[in-house]
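The values are calculated or read from the model by the stated rules, or taken from the named source; none is laboratory data. The structure presented is a predicted model; accordingly, all values stated were derived computationally and were not measured. Note that each Cβ is placed from the backbone with ideal geometry, even for glycine, and that neighbours are counted across all protein chains shown. We work out accessible area using only protein heavy atoms, side chains counted, and drop any ligands, DNA or RNA first. Shrake-Rupley method; radii C 1.70, N 1.55, O 1.52, S 1.80 Å.
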Amino acid sequence: MAVESATDRAVFFAVVDFGTAATYRRVTTDSTVNGIFDNEFVQVEVAEVPYDSVEPVFYCQTADLPTGYTVGDRLTVNAVYYTIREFQPDGTGISKLRLEAQT
């Protein structure tokens, strides 16, 4: 049982405070999703050699995602185009979208 409601969670994603408005593109349909964008620092090892990198992610309310969302859909954040590589719902109504920047 969730402690907070969807309305309570929406406060965190409001564009006025922490949130960012992103355009979610599913085939030919665009919709706006508010969430928190982060370009997280990560360090990965390849053959025991550490490399610094970033991992762009977008946190949003799962209910705000379009019906039938899937890996491979596109998200535009701050005029940068991303492909969604993974959805990680946390079971409380929030999802983490792992992104890959398009070049």
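Tell me whether segment 49-62 contains one or more residues that are open to solvent by 40 Å² or more (accessible area, probe 1.4 Å) and part of a loop (DSSP other than H, G, I, E, B).
no
Looking at 31, 5, which one is small (Gly, Ala, Ser), in contact with a Pro (Cβ under 7 Å, 6 or more places away or on another chain) and free of Cβ contacts under 8 Å to residues at least 60 places away in the same chain?
Details: 5 fails: in contact with a Pro (Cβ under 7 Å, 6 or more places away or on another chain).
On inspection, the qualifying residue turns out to be 31.
Inside segment 65-86, can you point out the residues that are open to solvent by 30 Å² or more (accessible area, probe 1.4 Å), under 11 Å from the mean Cα position of the chain (by Cα) and of a type outside the set (Ser, Thr, Tyr)?
Across segment 65-86, the qualifying residues are 74, 85, 86.
So which of 86, 48, 55 is more than 21 Å from residue 13 (Cα to Cα) and either in contact (Cβ under 8 Å) with a residue 60 or more places away in the chain or of a type in the set (Asp, Glu) (or both)?
Within the list 86, 48, 55, the selection yields 48.
Name the residues in segment 63-80 that are within 12 Å of residue 24 (Cβ to Cβ) and either among the basic types (Lys, Arg) or in a strand (DSSP E or B) (or both), would you?
Answer for segment 63-80, where residues must be within 12 Å of residue 24 (Cβ to Cβ) and either among the basic types (Lys, Arg) or in a strand (DSSP E or B) (or both): 74, 75, 76, 77.
Considering only residues of segment 40-52 that are out of contact with any Phe, Trp or Tyr (no Cβ under 8 Å at 6 or more places or on another chain) and within 28 Å of residue 89 (Cβ to Cβ), which is modelled with the lowest pLDDT?
Once the filter is applied, the top-ranked residue is 40.
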